[in-house]
Amino acid sequence: MKVAVLGAGAIGANIAHRLAVRGAEVVLIDGQAPAAGTSGASFSWLSSFPQLAWAEDPGRRALRLSVNARFDRLSEELGGDWLDWCGTLTVESAVPDFDAAVARSTEAGAQIEVLGTGDLARIEPQLRLPEGERVAFELRSGWVDAPAMIEQLIRVFRLTGGTLHLGQPVTALRREGGRVRGVTLADGRQVDADLVVNAAGASASHIAAMAELSIPMELVPGLMLYAGAGAPDLPRHVINGERWLLRPDRREGTAIHWRGEGLTALHGNNGADGPAMLADVARAVPGLRGLRPSRERIGIRAIPFGGPVIGALPWLSGYYSAVSHGGIGWGPIWADLAAREILDGEAVPELAGLRPDRFYMDVPGA
Ligand SMILES: Cc1cc2nc3c(=O)[nH]c(=O)nc-3n(C[C@H](O)[C@H](O)[C@H](O)COP(=O)(O)OP(=O)(O)OC[C@H]3O[C@@H](n4cnc5c(N)ncnc54)[C@H](O)[C@@H]3O)c2cc1C
């Protein structure tokens, strides 16, 4: 089976890798470069707290609980230095109903220790909080160097026989009757395929429109600030603060996601003044005092209505959607499940509520 995967972000690279390792002939196509999209401007956090306190259906919950083990396996499979289980410190004021959220997440399977000011000073001396403020310490959590993961996925993908086309966006889906047969690139080249996987992130609805399909989604900007390269006293953990998230970054010292409000399933505003935001972070992280951001970047979150869109459509063969927010953490899971559907012909039950036909009231041609 020949598969064309569109988009070399976290989701497309994981799917291309998994399909190739499992024996498919795969072409991975990106109009720009690997990690040029949202995956290159992401906080890339892996954590269970406070996410396990959210109301979720049990199937989704079970998948969420499998994230850490899947990343361990992927890291072993790929090699390379892109996964950091450094642990997360979530500040009490970042989570509404902190004690209840700790209790619910613990019951659901998260391993969390609540620390007072004394223990915090020992574990993370680079974080200064007001006296008495507690933190939830989740040891088995961390972050992914997403561009490095994608580079490693693509390296293994190519060693497995996969083909990579970069720098030419897909401009058309080629169709014959009710079947997608491949894609056309901007330079006129045609790539034949038995199946086209749409993993184009924030541009996925644009690709879908090429086959008169729709993926209703919100495009929500998110600000990333980078600061502190070479600075000696920076935090070693992910810090989930009230208005921001901070993590170590190998190239740039720290990466900060400015959130502007407590972590909820919705997302906060971006603000506009990078240096002022960094000064706010530096009140709790003295190692950043007096520094300016070395870089600011806005990433576009593609958030499909009603959750991820993973699966095929009953009336258009040769086409498969793979679009999801939280795509760094969910990417390896969607890749495993999509490979089972694409290569084994299975209808994976965990994907039942996520299929793209949920957006249609009447199935065309039915
Ligand atoms: C500020 C911020 C913080 C985030 N924090 C987290 C987090 O902590 N944890 C987490 O799991 N997720 C997080 N996310 C979300 C996560 O980053 C995204 O869900 C993920 O990166 C999406 O990956 P993707 O592969 O779908 O898309 P992308 O990485 O955007 O990849 C899509 C690719 O498709 C290519 N493309 C587009 N159009 C075409 C075309 N016509 N032809 C060919 N190629 C095309 C693009 O060039 C791009 O490389 C965050 C996002 C933001 C913005």
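No value in this document is a laboratory result; all are computed from the given coordinates. In this text, all values refer to a predicted model and were calculated from it rather than measured experimentally. Note: ideal-geometry Cβ built from the backbone for every residue, glycine included; neighbour counts use all protein chains shown.
Some notes on this structure:
- Mean Cβ neighbour count within 10 Å, used as a protection proxy, ranking 186-198, 321-333 highest first: 321-333, 186-198
- Each label point was placed 7 Å from the Cα along the Cα-to-Cβ direction; for residue 346 and residue 128 their separation is 5.3 nm.
- Pair residue 159, residue 114: separation of 7 Å Cα→Cβ label points (nm): 4.7 nm
- Equivalent ellipsoid of the chain: semi-axes from √(5λ) of the C-alpha gyration tensor, largest first, are 37, 22, 18 Å.
- Dipole size of region 137-259 about its Cα centre, with +1 on Lys/Arg Cβ and -1 on Asp/Glu Cβ: approximately 180 debye, rounded to the nearest 20.
- Pairs of Cα atoms nearer than 8 Å and 6+ residues apart set the relative contact order; for the chain it is 23 percent.
- By the count of other C-beta atoms within 10 Å, a proxy for reagent exposure, 300, 239 are ordered fewest to most as 300, 239.
- The charge dipole of region 25-118, taken about its Cα centre with unit charges on the Cβ atoms of Lys, Arg (+1), Asp and Glu (-1) only, comes to about 180 debye.
- Charge dipole of the chain about the Cα centre (unit charges at C-beta), most positive-ward option of 237, 68, 149: 149
- Stretchable slack from residue 100 to residue 279, in nm (0.36 nm times residue separation minus alpha-carbon distance): 61.3 nm
- Compared with the dominant Cα axis of the chain, that is its longest principal axis, helix 10-21 is turned about 50°.
- Projecting the Cα atoms of 177, 115, 200 onto the dipole axis of region 104-238, where Lys and Arg carry +1 and Asp and Glu carry -1 at the beta carbon, places 177 farthest toward the positive end.
- Lys, Arg +1 and Asp, Glu -1 on Cβ, resulting dipole of the chain about Cα centre, debye, nearest 20: 660 debye
- Estimated FRET transfer efficiency when R0 is 25 angstrom, pair residue 66-residue 190 (beta carbons, to 0.05): 0.05
- Mean separation of Cα contacts under 8 Å, 6 or more apart, over the residue count of region 90-192: relative contact order %: 18 percent
- Burial ordering of 206, 17, 237, 165, fewest other beta-carbon atoms within 10 Å first: 206, 165, 237, 17
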